[in-house]
Amino acid sequence: MPLHSFYYSLLLCGLIMSLAFSFKEAAVATPTRGCSEVERDALLSFKANVKDPSHRLASWSPQIDCCKWSGVVCKTTDNASLFGGQHVVEINLQNPYVDTESFFVDPQTFLASLRGEIPSPFQTALQGEMLSPSLLNLTRLERLNLSWNDFGGTPIPKFIGSFLNLKYLELYGSNFAGVIPSQLGNLSSLYHLGLGSRWYVGAIAPRLDWLSGLSSLRHLDLSSVNLSTVSQNWLSEVNMVPSLQELYLYGCDLNHIPSSFNSHLNLTSLKILNLEANLFSSSLPNWLWRLTSLSSLTIDASGLIPAGISNLTRLIQLHISGNISSPLPVEIWSLNHLMQLDLSSNNMLTGPIPTEIANLSSLQLLFLSDCSLNGQMPSEIGNLRSLISLDLSFNSLSGPIPTEIGNLTSLISLDISFNSLSDPIPTEIGNLTSLINLNLSFNSLSGLIPTEIGNLSSLVRLHLTGNSLSGSIPTEIGKLSKLQSLTLQENSLVSVLSESHLANLTNLKTLTLRENSQITISFDYDWAPSFQLETIDLASCIVGPRFPQWLRSQKSMFALSLSNTSINDILPHWLWNSSSSTFWTIDLSNNKLRGTLPSSMEGIPSLQFLNLRSNKLEGLVPRLPPRIFALDLSFNDFSGPIPSKIPRQIHINFMSPNYLILSNNHINGSIPSFICKWEQLRILDLSYNRLSGEIPKCWQEANTNLDFIHLGNNKLTGEIPSSIGNLIGLASLHLDNNDLSGQLPMSLKNCTKLHVIDLRGNNFIGSIPTWIGQSLQQLTVLKLRSNMFSGIIPSNLGELSNLQILDLANNNLRGSIPYSFGNFSAIRSTSRAMNHSISIGGADLYIGYGESDSLSIVTKGFEYVFSSILYLVKIIDLSNNSLTGEFPMTFGSLVGLQTLNLSRNFLRGRIPYTIGEMKSLETLDLSFNNLSGVIPQDLSRLTALNHLNLSYNNLSGNIPSGYQLQTLQDASIYKGNAHLCGVLINKRCSTDVEPWHKGRIGATTIEFLEQPTSPFAQPTLAELETIFLVSVWPTPLQSMPSWPIPRNTTQSPPPE
């Protein structure tokens, strides 16, 4: 090379290096500019279209560089580097109090953890009705995350399909609805698409062909998106995504899963597949076993698990629920990489837990709850030493808890509740020092609570409810300093709970010892515990006689139950102040509390359940708390009117009460009309008070919630308002023992769900309506006694197939007893399966809160009150009317009837032999009628009969004996029957009489053979009379001697 060329090249090289150095110096000297004004304005426009109640966008100010705003990420792009600018590449505005990953693993547990000072996720959500199109100016956007906010059901904007650089689109649980736009298929760079939701109703995807454009997609979550219209071809559409690794289709209304897939399967790279909570009813499909890269499979299915599952050798997590049936394939125990196995909620999964489960040595989570497993827990379960969580609850496991359970030293949660496990709790359970949750509730465990339980230093929840544990509560429980929940209720513990048990439990939130009647709570009167309890349930323990003063230190009480705890003291007023802002339920029922309530409880905003039943409280009924759900002040001495002023929240139906029970007090005045406006009211019981005036007429709109009204034993007047027919959900109506009058309103026939009608003890007139038998087909109890009903009994009452109690006594009814009464299906059977339960209302709303239907029933000459066993009672009482005709033979089919009272009528004819078929009959009263003929021997077959009254009739012949009649030796049973004879009444029969009848008239003997066993062999009364007239007495009828022939003459029954 020539020398000048060499210098020329060297000079050129130097110039280039100098320029490069100059550019570098310039770049260092020039400050980096923030985001462009266009992008800043686009973000401000977005902010202007959303509400931000928790001020999460407070940093979004025009005076601050938008790249420094909360949730905004910028980076310098290649084109902008020469000019020092940056572009917005990420918007991450996910609700900070919801972690998507944790929520989807266990949403209930996650939501339950959102307490204390953590704000509700709904309070921290951004709220809007549209996304500003100005976002299109963010041309370099790579990630958009708006998860767990609330966009008011607005559709996902189509313009999102124009963000061609987008790699992550996350709209989880943000209340987007409508059709998912197909324009999303333009996002060919998209790596992650998350549109799933479990809080709101998801969007709709009537087609999925746009998925084929997402060539880079690795993660697809459409959980809760309605895919019902693509249920037949969803798999082929998803298969068009070539490199998918994670697929979540939880709860998408899919009802079809192809059993085979013949096309090329692109899903072989799939690692996570979640098809849970759909409507699949078929077996697991064969193509699943070709997805050999799967590490996580969650699916609903039925039938057997195929052996092909052994192909999924990389499985780490397996969750199959639905109707999987036994036996489980042995191949499942060869999946030795499994860390999570969840087969819970498979009711057809029966048999014992196989011993081969020990092969899954890597298992960390084992969930087999809510199946039908039986047999004993295998000792091999102790080989699963990596196990962190074990849930075998809600099965039928029996026998002891194996001592090998103590080998599971990594265990954090152990739940084997709701089984039939027996024997003592093994002491080896004290080895589980990592345990946080221990639930052995509702088994048959016996013996002592082991003292080794004090070794569980990490324990947060200890639940031993519903067993047969005995002995004392070990003081070692006091070592569990992290314990938050201690529930020992429904055992047979005999113990004194002292301060030494609880003094060190500074984190205790829940203490539940109810239904341990031999536990005595013994704390110093002025003791101030170090914990702040939220739930206290000491029902049926011994707490009294003084009201526990230590409760005064508890400022966070959420639920308090001291029901039936032998407290005999004045109800302290500090109770309503100490936790007034947090109380949700208070149950102080069945004590001897005295004193008054504050005039208003409106200052207890969170109180929803208040049960002060069966005490000695007095004074006025207070104004109700604004959110009251159930109020029971019954069986006290409250007086005065029901408060006319109600909280504003109730008035506008923000939350109306569901249960209002003020019975058995001294409350007077009228029933306030605002009760009609409580649309959520289910039970209204104001019975046994001194209420007057008319029943409110304001039930103007159809109400499907109110199912129990009890206004009995007051001083109400007027008629039943026709508007009561608008209560179409009514199941039980009690208006008994008032001064109501008029006819029954026809509108009542609209209440077709009525089970109980009790109108006894009023002044109702007119006929019994035929619409009762036509429209009220669910009727179980009909009590109309002691009114002024007249006319005949409608025969269509016999069509009430569920009727068990019919009481029409003490009216002015006439005519014959309908033969259709023999058709009462519920009384024709002794089986309880046919009986209609008439328990109405609250079933354990929180702490044993409930109300059952009850009735006062006259039987055996006395009045009884039936409540919890009312569904077992079967009674017909037609006494004290003007009924005529014969005793219906069809009554013989009522084999379940227990009480029959037809006394004080004008019934004639014979007692039919079919009465012997009424095998459940305990009480039979036919007194004060015109019944004639012999007493059938069949009565002796009624083995349950313990009360019989046949007095004051025209019965004749020998009093039968034998079997059950031998126990009824009271002569008054047969009083007032002049022609009866027998040892019991000290009247000798003129000659030995056969069981039916044998008599002598003049010189001629008439013999009637022993009662035939077949109904076809028994002569009727008319036939007997014909034989008598033709064969014996050829004289005219007028010259015949007295004979109990049926006659139509009227006769007044003897006085009572």
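The values are calculated or read from the model by the stated rules, or taken from the named source; none is laboratory data. This structure is a prediction, so every number in the text was calculated from the model and none was measured. Virtual Cβ from ideal backbone geometry, glycine too; neighbours counted across all protein chains shown.
Numerical summary
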read-out	value
LEU980 being among the hydrophobic types (A, V, I, L, M, F, W, C) and either in a loop (DSSP other than H, G, I, E, B) or in contact (Cβ under 8 Å) with a residue 40 or more places away in the chain (or both)	yes
Residue within segment 413-429 that is over 20 Å from GLY399 (Cβ atoms), more than 29 Å from the chain's Cα centre (by Cα) and touching a residue at least 12 places away in the same chain (Cβ under 8 Å) present	no
Enumeration of residues in segment 278-298 that are part of a loop (DSSP other than H, G, I, E, B) and either within 38 Å of the chain's Cα centre (by Cα) or among the polar types (S, T, N, Q) (or both)	ASN278, LEU279, PHE280, SER281, SER282, SER283, LEU284, PRO285, THR292, SER293, SER295
Residue list for segment 242-275, restricted to those being buried (at least 21 other Cβ atoms within 10 Å of the Cβ) and in contact with a Pro (Cβ under 6 Å, 6 or more places away or on another chain)	ILE257
Subset of segment 438-481 [surrounded by fewer than 18 Cβ atoms within 10 Å (Cβ to Cβ) and in a strand (DSSP E or B)]	SER444, SER446, GLY447, SER468, SER470, GLY471
Some residue of segment 546-559 being under 21 Å from GLY466 (Cβ atoms) and buried (at least 18 other Cβ atoms within 10 Å of the Cβ)	yes
Looking only at segment 584-597, and only at residues there that are surrounded by fewer than 22 Cβ atoms within 10 Å (Cβ to Cβ) and of a type outside the set (Ser, Thr, Tyr), the one that is farthest from GLY669 (Cα to Cα)	TRP584
Strands (runs of 3 or more DSSP E) contained entirely in segment 695-813, each with at least 2 residues that are surrounded by fewer than 23 Cβ atoms within 10 Å (Cβ to Cβ)	715-718, 739-742, 763-767, 788-792
Filter result (surrounded by 20 or more Cβ atoms within 10 Å (Cβ to Cβ) and part of a loop (DSSP other than H, G, I, E, B)) within segment 148-165	TRP148, ASN149, PHE151, ILE156, PHE163
Residue tally, condition closer than 29 Å to VAL781 by Cβ and either polar (S, T, N, Q) or out of contact with any helix residue (DSSP H, G or I) (no Cβ under 9 Å at 6 or more places or on another chain) (or both), over segment 899-946	20
Residue ID - surrounded by the fewest Cβ atoms within 10 Å (Cβ to Cβ), chosen from residues in segment 208-232 that are within 38 Å of the chain's Cα centre (by Cα) and in a loop (DSSP other than H, G, I, E, B)	GLN232
Identity of the residue in segment 240-286, of a type in the set (Ser, Thr, Tyr) and modelled with pLDDT under 90, that ends up nearest to ILE305 (Cα to Cα)	SER283
One residue from LEU921, LEU948 being under 48 Å from the mean Cα position of the chain (by Cα), within 17 Å of PRO888 (Cα to Cα) and not β-branched (Val, Ile, Thr)	LEU921
Residue satisfying condition, being free of Cβ contacts under 8 Å to residues at least 24 places away in the same chain and surrounded by fewer than 20 Cβ atoms within 10 Å (Cβ to Cβ), within set SER581, SER606, SER600	SER600
Complete set of residues in segment 949-972 that are at pLDDT below 95, closer than 17 Å to LEU926 by Cβ and touching a helix residue (DSSP H, G or I) at 6+ places or on another chain (Cβ under 8 Å)	ILE959, PRO960, GLN964, LEU965, ALA971
Residue in segment 482-493 that is at negative phi, assigned to a loop (DSSP other than H, G, I, E, B) and touching a helix residue (DSSP H, G or I) at 6+ places or on another chain (Cβ under 6 Å) present	no
